[in-house]
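The values are calculated or read from the model by the stated rules, or taken from the named source; none is laboratory data. No experiment lies behind these values; they were computed from the predicted model shown. Please note: Cβ atoms are built from the backbone with ideal geometry, for glycine as well, and neighbour counts cover all protein chains shown. Side chains are part of the model used for accessible areas, which takes the heavy atoms of the whole protein and leaves out ligands, DNA and RNA. Shrake-Rupley method; radii C 1.70, N 1.55, O 1.52, S 1.80 Å.
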Amino acid sequence: MRPDGCRRATLWLSRAMSVLTLEPRPAGKRWLVAGLGNPGLPGTRHSVGLAVLGHLARRLGVADTWARDRRCAADFAVASLEDAQLVLLRPRRLMNASGRSVARAAELFGLTAEEVYLVHDELDKPLGKVALKLGGSARGHNGVRSCISCLNSHAMPRLRIGIGRPAHPDTVQAHVLGSFSAAEQELLPLLLERATDMLLDHIRERSQRPSLGPDLSEFLPP
């Protein structure tokens, strides 16, 4: 059963018009992209999903258009990608409760779980590795677990950004919540660029299909 905060999310698209201007949505032509992280803690490994979203907004020319929506406890920006529309979402809730913002936004824009992309850190991939997977379990990620619970679905595509796993298990929490080292920060521009390229290529490909099409277990760059 969904948490009360998700179950009570009965929102109407017309109520968002004061914040965002939206065009009518052909099926499979609008996508929600949510960057998961901890608001107020930029530059940490756990918030790399927010960093990717910021880079994505700059690439699409909407970095100056973020608008806050208190009903979703999130910031929105809307961008065009050819004939598709991307709704970028930055939850203002902490990682473990970010699914409440994502689920409310999905209801607001009339989107299914398959049309919601989650961008988040991945311990089990080294820094610099990026993969896009459709569906599956949370793999121990609390932000993804929250989204699965609130959307009542495992079907969301996930853009997983590798942050590497420390050798000692006792240091995992400090590693995840810590800031990128100076050496790691040198790798970030290329990582953000690759992640953005992969995400946009995948959305373009799906937008051209007559339907959402079959599930893909892994989408990797050439």
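Residues with amide H under 5 Å of residue 74's amide H, sequence separation 5 or more or different chain, H placed in the peptide plane at 1.01 Å from N; which?
69, 92
List the aspartates and glutamates whose alpha-carbon lies under 18 Å from that of residue 29, not counting same-chain residues fewer than 8 positions away?
Cross-link targets: 82, 83, 107, 114, 115, 201, 205, 215.
What is the local net charge at residue 63, summed over the other residues whose Cβ is closer than 13 Å to its Cβ (Lys, Arg +1; Asp, Glu -1)? Please list the in-between numbers first.
Numbers: positive: 58, 59, 90; negative: 64, 75.
Result for the neighbourhood of residue 63: +1.
For the ranges 141-150, 178-187, what's the packing order if you count other beta-carbon atoms within 10 Å of each residue, average per peptide, and put the highest first?
Details: 141-150: 22.5, 178-187: 12.1.
Most protected by this proxy first, the peptides run 141-150, 178-187.
State in Å² the accessible area per residue of region 69-222; use a 1.4 Å probe, count heavy atoms of protein chains only, and round to the nearest integer.
Spelled out: the 1.4 Å probe surface of region 69-222, per residue, equals 44 Å².
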